[in-house]
Amino acid sequence: MTDQRTIPQITETVAFADLYVSPLNPRTVVSEGEIASLAENIKIAGLIHNLAGFRHDGTDGVGVVAGGRRYRALALLQDDPRFQNVQVQIAADEDTAKLWATSENAQRQDLHPADEIRDYGALEKTGLTAGQIAVAYGVTEKKVYRRLAMAGLHTDVLDALKASEISMSQAKAFTISNDEKLTLEVLERVKANGTKGWGAMSDYQIKEGLKPDHVKGSDRRAVFVGVEDYKAAGGRVGGDLFEDETIFDDPAILQECFEAKLASTAAQIATDNGWTWGEGITDDYVYSDTINRMKMARVYKVEGVLTEEESDRYDELGELVNGDACDEAGTAEFLELQAKADGGFTAEQHAHAGVVIYVDHSGDVEVIEGLVRQEDQEAAIAAGVLKKSAHKETPKKSPISAKLQEDLDRIVIGARQNALLDDPTLALDLLAFQLTQSKGWQRIHAYDVSLPYLANVPECETGYTRDKRLTLPEPVESKGSKAEDFTAFRKRGHKKCMDMLVRTLIGQLSISHADLGELIDEKTKKVTREHFTPTAENFFSRVGGPYMIALWNELLDLTDSHDAAKTFAGLKKGEKAAKLEKLFGDEATRKALGVTETQEARIAAWLPEGMV
């Protein structure tokens, strides 16, 4: 039969200095941040729940058996006289003390998130700030803000959350909705599909269901137009509170704003830069084919000429800039020389040409200068700023067969190769241009070589270093046509071109023949450990305990029966990994372990199986 006797309730006022945490108290691990937050709560609201204590035999004072967090919080408030004496409920015997010690923690139950959302929202309506709510509940302000962001949810959504019919993540997705009818329709679909499994609706699907026609704030049009101009035109704005993203609810208004701003921006850029006209294109990229279809021609900057002295100075500064060793004044001088070498458009070119702009996928404005409209081309040709096009508007069918054309093309290739044999510097510069300036899908086609992606960085980069020359990208600048780009590229000087070529070629090094790899390693005196140090993160925590035990014993010449070997074997996996990391990376640890010169050399040279 269960003992249901009433436990005596004895409450005493005890000086805080006479209190300590009882060994019966089960709460031994606490968060300093939580204790500080609780102290702030007690300071404002007072000690709502008394501590529970017991006077242990042979010990002065009262041991706190329940209320360890409150005790630690009170310790932070001892400069406040209100908390220097504390009400403590005293256990009559040790059995009662043990019961209290375990019961308080076992019976604690946190509020359901749905109830927290409702409670926090109700408190905010009374005028309390997020900080005050956080203190009252003993939680972080960040948590309060997350709950308040959901306080406006429809009551049916919160009911479904509390009933576990939808997940917290799914509930958050409903915060973007301001349409009650649509909210309830989508909610029923979510509940019908459950919270887990392949049929459950994802957050994205819920948001699409709630706002099928919305445009995200990250859309290039939204970035370009901006929220204020969009709202000024009558556009409505929503928000995804948990993705920190604005939602544009009126796509048609956004598109109108986008086109209007694109046109005005194009006109302004043309005016500011002396062009005859400016036009905006709604595409997110303008290809050369786009310009051709618009039947526009193009004029290019008149190339600048550097004196011999300026050219030498340009090369000198270029070396410093590319090596990250140039000061601010030198960089400014380099840019001035670069601008002079690049040249510029003439007044005559400005008088016959204009600009086309577009907004890229990031919302940035890109400008294409020097375009001549079809109706202006005759005058531009007459003025000498545009060459007459060699293209025929309506090409006739060629009398040359495809087979014959293939042979003719081969002859052209051969002739070009023959001529290039006499200018090896140009040939190498061209290779350097192709390999170093091809980026992503924008490939330069000159030689029949490719640039496959070769992985030379591990997923865990801890303990691994790469030469700076392999990590610093070279700037890729487009001046217009590929011919112009190549001309500008060669202005860096042959020495710089070769340096870029060598760095790019080495970045593609992937030797599959073992004997050839060994020869290259021998010639270069490669030492893998100069670039790799095994650590807990990059290696030891990713292998098993037996492996680490065997390695520890091997490196330190220990037998399995040695006390040091037994001690190491008894450690947890994470502790073994940390010990090995210190053995490899900390000289003081090796000294404390009495590592010999032979063992030191063994540790310095050790590599995992398969590495050379």
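Every number in this text was worked out from the coordinates using simple rules, so none of it is lab data. From a predicted model like this one, the values you see are computed outputs, not experimental measurements. Don't worry about glycine lacking a Cβ; one is built from the backbone with ideal geometry, like all the others, and counts go over all protein chains shown.
For region 256-382, what D do you get in µm² per second when you plug the Kirkwood radius from alpha-carbon pairs into Stokes-Einstein at 4 °C and 1.567 mPa s?
For the chosen part, D equals 77 µm²/s.
Can you give the FRET efficiency to the nearest 0.05 for Ser362 and Ala252, using r as the Cβ-Cβ distance and R₀ = 25 Å?
So the FRET efficiency works out to roughly 0.60.
How would you rank Trp275, Trp552, Trp198, Trp606, going from fewest to most other Cβ atoms within 10 Å of each one's own Cβ?
Sorted ascending by nearby Cβ count, the order is Trp198, Trp606, Trp552, Trp275.
Using unit Cβ charges (K, R positive; D, E negative) and no other charged atoms, how large, in debye to the nearest 20, is the dipole of region 139-248 about its Cα centre?
260
Where a Cα-Cα gap under 13 Å defines reach, which aspartates and glutamates qualify for Lys387, not counting those fewer than 8 residues away within the same chain?
The reachable aspartates and glutamates, counting only those whose Cα sits under 13 Å from Lys387, are Asp376, Glu378.
At most 12 other Cβ atoms within 10 Å and a DSSP loop assignment: could you name the GluC sites (Glu not before Pro) in region 554-612 that fit? The partial results should precede the final answer.
Values: sites: Glu554, Glu575, Glu581, Glu587, Glu597, Glu600, Glu609; in loops: Glu609.
Qualifying residues, ordered by number: Glu609.
From the residues Gly545, Ala601, Phe584, which one has its Cα farthest along the dipole of region 529-605 in the positive direction, the dipole being from +1 and -1 charges on Cβ of Lys/Arg and Asp/Glu about the Cα centre?
It is Gly545, whose Cα lies furthest towards the positive end.
Compute the length gained on full extension between Asp557 and Val543: take 0.36 nm times their separation in residues and subtract their Cα-Cα distance, giving the result in nm to one decimal.
Details: separation 14, 0.36 × 14 = 5.04 nm, distance 2.07 nm.
Contour length minus Cα-Cα distance gives 3.0 nm.
Output the pairs from Lys43/Lys125; Lys295/Lys340; Lys143/Lys172; Lys525/Lys579 with a Cα-Cα distance over 21 Å in this structure; if there are none, say none.
Working: Lys43/Lys125 24 Å; Lys295/Lys340 31 Å; Lys143/Lys172 14 Å; Lys525/Lys579 31 Å.
Result: Lys43/Lys125; Lys295/Lys340; Lys525/Lys579 exceed 21 Å.
Net charge near Leu47: determine it from the other residues with C-beta under 14 Å of the C-beta of Leu47, scoring Lys and Arg +1 and Asp and Glu -1.
Values: positive: Lys43, Arg69, Arg70, Arg72, Arg82; negative: Glu40, Asp80.
Overall, the nearby charge balance is +3.
Over region 149-224, how many percent of alpha carbon pairs lie in each 5 Å bin up to the one with the longest distance?
Distribution as computed: 3, 16, 28, 24, 14, 8, 5, 2, 0 percent.
With a point put 7 Å past each Cα toward its Cβ, work out how far Met294 is from Thr528 in nm, to one decimal.
The modelled label-to-label distance comes out at 5.5 nm.
At a Förster radius of 45 Å, what calculated FRET efficiency corresponds to the Cβ-Cβ distance of Ala45 and Thr487, to the nearest 0.05?
The pair Ala45/Thr487 has a calculated efficiency of 0.05.
Quick one: dipole size for region 259-380, taken about the Cα centre, charges +1 on Lys/Arg Cβ and -1 on Asp/Glu Cβ, in debye to the nearest 20.
860
Over region 10-107, what is the mean sequence separation of C-alpha contacts under 8 Å (at least six apart), divided by residue count, expressed as relative contact order in percent?
Value for region 10-107: 42 percent.
For region 10-107, what are the per-bin percents of Cα-Cα distances with bins 10 Å wide, up to the bin holding the maximum?
Going from the shortest bin to the longest, the percentages are 16, 52, 29, 3.
Based on the Cβ-Cβ distance of Glu375 and Lys181, what FRET efficiency does E = 1/(1 + (r/R0)^6) give at R0 = 56 Å, to the nearest 0.05?
In this case the efficiency is close to 0.55.
Using a 7 Å offset from the Cα along the Cα-to-Cβ direction at both Ala605 and Ala382, what is the distance between the two label points in nm, to one decimal?
8.5
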